[in-house]
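Asker: The structure's right below; bear with me while I get my questions together.
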Amino acid sequence: MAQEKTEQEVQLEKNAAFFASVKKHMYSLGVLVSLVLLCIVMSILSPRFLSVSNLMNVAGQAAINSIISIGMFLAILTSGIDLSVGSVLALSTMVMGMFVKTFHMNPYVALLTCLAVGTLLGLFNGLLLTKMHLPHPFISTMGTKQMARALCLVVTGTLPVYQFEKPIVFLGNANIGPMPVSFVLVAVLYVLMFIFLNRTRTGRYIYAVGGNKEASRLSGINVDNILNLVYAMSGFFAALAGIVLVGRVDTAFPLAGVDYETDAIAAVIIGGASFFGGVGKIGNTIVGVLLIAVLRNGLNLLGVPSAWQTFSVGAVIIIAVYVDVIRQRVMKQK
């Protein structure tokens, strides 16, 4: 009888574990289902939506936000935020453009310079937090955003730089068959980031810092180094996204990246990351990116004014954050 009771208890534990696993993945499935339903609705409202050319256009447009959102995901994972990504993107590409056109720099060296500028700007954001002890990354990255945008206008005297050499525009305008090279790059980056966050010590430290900075510090994790790394990576990915953007339009211009941080934040939160830190999966972020890209593309095909497109994205952000707040309340009650 005792053995039978034990077997029942084991079965109950298995059932509880199963339902807990289902509940854990419910949000991810919900976001994916939302994306599928949105695609179905848009295909019904606009026959052009499912055309190969339009879908490849969506993939190309989503690539830029996908890359920026990796850095934003890392920042939000540490309970922070990076409002400077759009300005960092612009300044990195403007410096690259100036070096190529004014100093005739080798295009490959120029690409590395662009990535270096973005990384250094991101590191600057991190140092403002860890060395100057600014109270919140909202303040530090907002300041960097304004300074970097102003420098964009100074670097080339507000003038755009265009007609770049092939190596510089390759990532943004080349295709492998019908598929944009930029989206292939996105797939590779997300796989690498998944491995980094889930299979390396540093990746686990990033989650730990986001969950509880003080507990992480007491357990021997160098929290300052982790934060510096996270914001440096955010700057790197913003610069990389800038290279893709330059490739798409063959131009580096000082107002590039305006409000890009909005779409990146929306994608990360829609993907299930929490503003409270320590919660989120990089794979879900790409679903959030695609949902926003499909929403914008569909509204554009339907002739909806850009103002209402922006309104729609803002509404989606509010809903996603509200869902996150409810999720946190439920977890605290447990």
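Asker: Does the stretch 245-259 contain at least one residue that is in contact with a Leu (Cβ under 8 Å, 6 or more places away or on another chain), in a helix (DSSP H, G or I) and closer than 21 Å to Val88 by Cα?
Answerer: Within the stretch 245-259 (the criterion being in contact with a Leu (Cβ under 8 Å, 6 or more places away or on another chain), in a helix (DSSP H, G or I) and closer than 21 Å to Val88 by Cα), the answer is yes, since at least one residue qualifies.
Asker: Being touching a residue at least 12 places away in the same chain (Cβ under 8 Å), crowded, with 17+ Cβ neighbours inside 10 Å and of a type in the set (A, V, I, L, M), is that true of even one residue in the stretch 173-182?
Answerer: Taking every residue of the stretch 173-182 in turn, none turns out to be touching a residue at least 12 places away in the same chain (Cβ under 8 Å), crowded, with 17+ Cβ neighbours inside 10 Å and of a type in the set (A, V, I, L, M).
Asker: Would you point out which residue out of Leu32, Leu50 is at pLDDT 90 or above and in contact with a helix residue (DSSP H, G or I) (Cβ under 9 Å, 6 or more places away or on another chain)?
Answerer: None of the other options fit; the residue is Leu50.
Asker: Separate question: Between residues in the stretch 295-307 that are over 15 Å from Ile44 (Cα atoms) and residues that are surrounded by 10 or more Cβ atoms within 10 Å (Cβ to Cβ) and at pLDDT below 90, which pairs lie under 7 Å by C-beta distance while being six or more apart or on different chains?
Answerer: Arg296/Gln309
Asker: Looking only at the stretch 190-202, which residues are farther than 23 Å from Thr113 by Cβ, without any contact (Cβ under 8 Å) to a residue 24 or more places away in the chain and not polar (S, T, N, Q)?
Answerer: Residues satisfying the conditions are Val191, Ile195, Phe196, Arg199, Arg201.
Asker: Under the condition of being polar (S, T, N, Q) and not in a loop (DSSP other than H, G, I, E, B), which residue from the stretch 137-176 is farthest from Phe124 (Cα to Cα)?
Answerer: Asn175
Asker: From the list Val88, Val109, Val117, Val100, exactly one residue is aliphatic (A, V, I, L, M), modelled with pLDDT of 95 or more and either touching a Lys or Arg at 6+ places or on another chain (Cβ under 6 Å) or farther than 30 Å from Leu290 by Cβ (or both). Which is it?
Answerer: Val109
Asker: Quick check, is Met105 of a type outside the set (D, E, K, R), within 29 Å of Asn222 (Cβ to Cβ) and either under 19 Å from the mean Cα position of the chain (by Cα) or part of a loop (DSSP other than H, G, I, E, B) (or both)?
Answerer: no
Asker: Check Ile40, Ile68, Ile76, Ile81 and return the single one that is of a type in the set (Val, Ile, Thr) and farther than 30 Å from Thr202 by Cα.
Answerer: Just one listed residue meets the conditions, Ile40.
Asker: Looking at (1) closer than 22 Å to Val117 by Cβ; (2) surrounded by 13 or more Cβ atoms within 10 Å (Cβ to Cβ), which is the one condition that is false for Ala187?
Answerer: (1)
Asker: Among all residue pairs at least 6 apart or on different chains, which show Cβ distances below 8 Å where the first residue, located in the stretch 27-53, is touching a residue at least 40 places away in the same chain (Cβ under 8 Å) and the second is surrounded by 13 or more Cβ atoms within 10 Å (Cβ to Cβ) and hydroxyl-bearing (Ser, Thr, Tyr)?
Answerer: Correct list of pairs: Phe49/Ser43.
Asker: Only one of these is at pLDDT below 95, over 19 Å from Ala63 (Cα atoms) and not charged (D, E, K, R): Leu159, Leu227. Name it.
Answerer: Leu159
Asker: Given (1) closer than 15 Å to Asn65 by Cα; (2) touching a Gly at 6+ places or on another chain (Cβ under 9 Å); (3) surrounded by fewer than 24 Cβ atoms within 10 Å (Cβ to Cβ); (4) of a type in the set (Val, Ile, Thr), identify the lone condition not met by Val244.
Answerer: Checking Val244 against (1) closer than 15 Å to Asn65 by Cα; (2) touching a Gly at 6+ places or on another chain (Cβ under 9 Å); (3) surrounded by fewer than 24 Cβ atoms within 10 Å (Cβ to Cβ); (4) of a type in the set (Val, Ile, Thr), the one that fails is (3).
Asker: If a residue has to be outside any helix (DSSP H, G or I) and closer than 17 Å to Gly126 by Cβ to count, how many in the stretch 204-228 make the cut?
Answerer: 2
The values are calculated or read from the model by the stated rules, or taken from the named source; none is laboratory data. Please read these numbers as outputs of a predicted model, since none were measured by experiment. Quick reminder, even Gly has a Cβ in these numbers, built from the backbone with ideal geometry, and neighbours come from all protein chains shown.
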